[in-house]
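Just below is one structure, and these are the notes that go with it.
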Amino acid sequence: MAQQDPTSSQEKITLDIGGMTCASCSLRIEKELSHLPGVGLAEVNLALEKANIVFDPRLISPHQFVEAVTGIGYQVRQETYRLAVEGLDEVPVKTRFEERVAQMDGVYKVVTNAATGTATITLLQGIGDIHNVVQGLEREGFHISLQTDQARDPKDAERRSALIRLLVSLMLTIPLWLAMGEMFVRVGPRWLANPWVQLTLATLVQWGPGWSFTRRAYQNIRHGNANMDVLVALGTLSAWTFSTYNVFAHGPLFFDSSATVITLILVGKYLEAVAKGRTSTAIQEMLALRPKTSQVLQADGTYRPTDVDAIAVGQFIQIRPGDRIPVDGVVTEGHGLVDASLLTGEPELQSVSVGSTVSAGTIHQGERAFIMQAQGIGQDTMLAQIVRAVEEAQAGKAPIQRFADRVSNVFVPTVVALAVLTFVLTGGLTANWTAALLHAVAVLVVACPCALGLATPTAVMVGSGMGARYGILYRNGEALERVSQVTRLAMDKTGTLTEGRPQVIAVLPYGDVLEAEVVGYAASLEAEANHPLSRAVLAYAHNVSRPAVEGVYTEEGRGVVGEAASGEGTVVVGTEALLRDYGIIWPQTWETSQIAEWMQQGATIIYVGLHDRLLGAIAIADRVRDDAAFAIQRLQANGYRVSMLTGDRLPSAHAIAARVGIEDVHAELSPTEKAELIKQWQAQGERVAMVGDGVNDAPALAVAFVGMAVATGSDIAMHTADVTLVRPEINAAGQALLIGQRTMAKIRQNLFWALGYNLVGIPLAAFGVISPALAGGAMAFSSVLVVTNSLALRRMTIDTEPSGHQPIKESNKLWNV
């Protein structure tokens, strides 16, 4: 669906493109779209088969993008639906219906039939949603029913079509192979050696299954573009034409070469299509987390199954044991255990009760049902945001891909020139023009720009999908590449190294006072306040009896004061100075050493007094995350410098830093000072990853080489960051770095293979070492190998064994994903 950029008048859409076969295709489409008026950015991803376009809707419409893409011989995938529309035989209704539909996102065409009362709507796949269209029309007052849904995924249809072409080509080519066997070893039907039989079989292959190459080659050449199809068409047509001539001239025949090349390349294309389909399984798996229906509260007080798309904000939903949660919301009644592992990668069940937030796609694993209220629906759920983030990351280009794009731009013309040069030199030097032609055909066929074009995007797709599986979201392909180059991590304290929620860590009663009395009086007063420390006390005192108090008021910045309803006197909860001001007598035997130790650990101390006597003290601190010390140790053991950047007081910062093992501490920093410090490090050659969670971290996240935001923090932080950690664990930062490194290693392997293959294969073909048929098999194999190598990332295992004081390398195993 078209997305509005809040900072400008531009929108962004993603078109699903069909018919691309190599990097030259994607570059051709990219160039065509970029030249259109109003287009700010156009990026075409070959592996994902998508075009990301940022444009000004005042200057251009999606219809013009479709026309531009189809005009150069490619397809924008579309979905067609039929709706039954009441009253469509009335001209005013028909006119208003067509006007409303034309204004909806993703609608490419609408055709109405007044006689049958139906409308056929064509949507651009990935932009339009038929359910949104139907709901929008119903809100406009139309009575609609969906007669037919999209029968099949266009990509599935394309894979089936590729399989059919392959099978037909194979059945026609096998007799040609048998004919070759009969010629050399005199085994097989002799009639297959008849030139006219071979001409018939090869012609059926060339202009049947092979027609797709010739058609696309013509379309590309007509528009000044050259891609893999041009190489295949030139090579096979040369062999077929020369052999056809020799049928009449009684010369040598090479029909088996042209047919075999087409068949082998079709094998590769089919396997490539199947493999590319597997690279997007991360998104498919996440989309499958969302149930189709859920039990929603009706007006009569009963819960009935309701389509998830029809759930509205504020509605109450019953979540039974084993149910998937349909939307984001808050628990309003009951309690349960939620499995969010497929969404966050965290295996432990999460306990939820009244007030807890729950996310779409998670599973209720408790024994009793609970009730939740919908708060985030549709595209506003965390699941939808994760899917959107992964799609954007997969569609984006990593900087390393620019190199491959530059090579692809000149690759095909260079290969054609080399083939012509091979033909001329071989024929001129040997006077064997038949051999010269075969050598030239082999050069054309062996070259494979597909492998070069697939090298980066397939690895980015799998790497970003791996990250999503474990709760790590990369903004784009560039983020994946950047995290692999990080040398230093800057960690925020509150909400990043710590949980960001103050908690009571200890209670110290004075004399013979009971702990319950200290906590009870503190909770009675704090219940009237609204402060993080108040919430910490109330959470700790949930099972403690609270004495009645009245006349509660706040002493700004110092504490809370009230009167005991029992008449025992004034109750004071707050700082030592506040209690002294209200006449609390401070005992000489107070255990100051224990208080000092808590304060050194970064705890805040509140005191509780009644009338003129001290009841005790409560220590409140922000707990360090359980995995923080381990994660920091592993990062440092692998060559990363780790620093703490915080706005908190220096003693508290040093206390937390000592507990997690960070020596470089920078405290009492403003948001701009954090950003300036990161700029200084980067000016010295460091590549800094900032890990933070709050609004105050946004400037630092923005200037850092890589910004990593903890998802439990603010939206501003997450929108600024390159990487979002859905799991609030420091360990996830190390995993994000490693996945980036593994992905870049695969990209480098793919590029090495794609370039090395051509550097070796083209000379061998030019000197006649490999035949056209063998060249076709090698060409098909190269693309499949690149995609398969990228898919190997899905089997990546990351354990917790240390690997010494070396930077993380592709072979290291450090992080327990």
So in the stretch 316-332, with the set limited to residues that are assigned to a loop (DSSP other than H, G, I, E, B) and on the phi < 0 side of the Ramachandran plot, which one is surrounded by the most Cβ atoms within 10 Å (Cβ to Cβ)? Val327
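Which ranges mark the helices (runs of 4 or more DSSP H) fully within the stretch 492-597 that have 2 or more residues being β-branched (Val, Ile, Thr), in contact (Cβ under 8 Å) with a residue 60 or more places away in the chain and more than 30 Å from Glu663 (Cα to Cα)?
Here the list reads 515-526.
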Looking only at strands (runs of 3 or more DSSP E) that fall completely inside the stretch 9-105, which ones have 3 or more residues that are without any contact (Cβ under 8 Å) to a residue 40 or more places away in the chain? 39-45
One residue is enough: does the stretch 465-482 have a residue meeting the conditions over 29 Å from Leu751 (Cβ atoms), basic (Lys, Arg) and surrounded by 24 or more Cβ atoms within 10 Å (Cβ to Cβ)? no
Selected residue (criterion: modelled with the highest pLDDT) from residues of the stretch 183-203 that are farther than 16 Å from Phe254 by Cβ and in a helix (DSSP H, G or I): Trp191
For the stretch 636-653, enumerate the residues that are crowded, with 17+ Cβ neighbours inside 10 Å and modelled with pLDDT under 90. Asn638, Thr646, Gly647, Asp648, Ser652, Ala653
Does Glu729 satisfy the criteria of being touching a helix residue (DSSP H, G or I) at 6+ places or on another chain (Cβ under 9 Å) and at pLDDT below 85? yes
What are the pairs, 6+ residues apart or on separate chains, where a residue within the stretch 297-312 that is under 18 Å from Gly329 (Cα atoms) has its Cβ under 7 Å from a residue that is among the small types (Gly, Ala, Ser)? Thr306/Ser294; Val308/Ser294; Ile311/Ser294; Ile311/Ala374; Ala312/Ala374
Being at pLDDT 75 or above and either surrounded by 15 or more Cβ atoms within 10 Å (Cβ to Cβ) or not aromatic (Phe, Trp, Tyr) (or both) narrows Lys94, Lys109 down to just Lys109
Looking at (1) among the small types (Gly, Ala, Ser); (2) touching a Gly at 6+ places or on another chain (Cβ under 7 Å); (3) at pLDDT 75 or above, find the lone condition where Ala119 falls short. (2)
Just give me the residues in the stretch 287-315 being part of a loop (DSSP other than H, G, I, E, B) and surrounded by 18 or more Cβ atoms within 10 Å (Cβ to Cβ), in sequence order. Leu289, Arg290, Ile311, Gln315
Considering only the stretch 475-496, I want to know if a residue exists there that is small (Gly, Ala, Ser), in the same structural domain as Gln682 (by TED's automatic domain parsing) and in contact with a Lys or Arg (Cβ under 8 Å, 6 or more places away or on another chain). yes
Identify all residues within the stretch 744-795 that are β-branched (Val, Ile, Thr), within 24 Å of Gly427 (Cβ to Cβ) and in contact with a helix residue (DSSP H, G or I) (Cβ under 7 Å, 6 or more places away or on another chain); write none if there are none. Ile762, Ile770
Can you name the number of the only condition in (1) surrounded by 14 or more Cβ atoms within 10 Å (Cβ to Cβ); (2) in contact with a Pro (Cβ under 9 Å, 6 or more places away or on another chain) that Gln600 fails? (1)
Are any residues in the stretch 668-690 buried (at least 17 other Cβ atoms within 10 Å of the Cβ), out of contact with any Pro (no Cβ under 6 Å at 6 or more places or on another chain) and modelled with pLDDT under 90, and if so, which ones? Leu669, Lys674
Members of the stretch 598-623 found to be in a strand (DSSP E or B), farther than 30 Å from Ala657 by Cα, in contact with a Ser or Thr (Cβ under 9 Å, 6 or more places away or on another chain) and of a type outside the set (Gly, Ala, Ser), listed by number: Leu610
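The values are calculated or read from the model by the stated rules, or taken from the named source; none is laboratory data. Just so it is clear, the model here is predicted, and its values are computed rather than measured. Cβ atoms come from the backbone with ideal geometry, glycine included; neighbour counts cover every protein chain shown.
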